[in-house]
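Laboratory data are not the source of any read-out in this text; all were calculated from the coordinates shown. Note that the coordinates shown come from a computational prediction; the quantities given were computed from them, not determined experimentally. Cβ placement follows ideal geometry from the backbone for every residue including glycine, while neighbour counts extend to all protein chains displayed.
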Amino acid sequence: MFNASDLPDVIPVFPLPGALLLPRSRLPLHLFEPRYLAMLDDVLKTPERLIGMVQPNPGPASAPESGKDKGLHAIGCVGRVTQFSETEDGRYMITLTGLSRYRILEEVEGFTPYRRARVSWEGFDRDLGPADADPEFDRAAFLALLGRYFKSRELQTDWETLEQAEDELLINSLSMLLGFEPEDKQALLEAPSLSTRRETLVTLIEYALRGGDDREVVQ
């Protein structure tokens, strides 16, 4: 198990709109751009094997002299490469296991083709601990709401698996998989507790059912 003192001050960051990684959750990724293949090559040479996922910030573009086309949100989540396989054409399928959220202090200029950032782990100590709990979670009411959402989009799922999943696994998996806007994903990431994330998730599902968002979910 990692401690905050084990985590480096500078990490590679992977800006990917709508891709949400949460602590103790797994995110599959398909890497094919040369800069991210270079990033993976460098990461696999380190003992930690860490990649920081982060949402691009849709605000004003960075200054032209910075050489960056988009800003980044201040808070992301770092994951450890726990699985990887190479395809015949040189691309990689990897799995990141979420460790901890972080706050970007500044981007680090250098000679790598990918972006790196100096980060702080302060305030996210709970991410490195045991699974979070949600004592006020009404699973029956939540699954009923989720059923309405899936039915409205004519989607199928394994309800037995959902019913048996631990609270954190259920809430975090749905937060990562449901097709919300990137800014909504950021709100789910920044939720200070599992209870807050569940409340945010319920609000987003209810909003979608009222017609606020008619996009489908990732299966």
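Results, tabulated for the structure shown:
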| quantity | calculated |
| --- | --- |
| Positive minus negative residues near residue 83 (Lys, Arg vs Asp, Glu; Cβ under 15 Å) | +3 |
| Where trypsin sites (Lys or Arg not before Pro) fall in DSSP loop in the range 135-176, at most 16 other Cβ within 10 Å | 153 |
| Alpha-carbon spread of the chain, three principal axes, descending order, Å | 51, 39, 35 |
| Distance between the range 93-122 and the range 123-156 - C-alpha centres, whole angstrom | 27 |
| FRET E, pair residue 9, residue 165, Förster distance 25 Å, beta-carbon r, rounded to 0.05 | 0.10 |
| Peptides ranked, highest mean first, by Cβ atoms within 10 Å: ranges 122-132, 156-166, 172-182 | 172-182, 122-132, 156-166 |
| The chain, helix-only ellipticity at 222 nm - DSSP H runs n ≥ 4, -39,500 (n - 2.57), divided by all residues, nearest 500 | -9000 deg cm²/dmol |
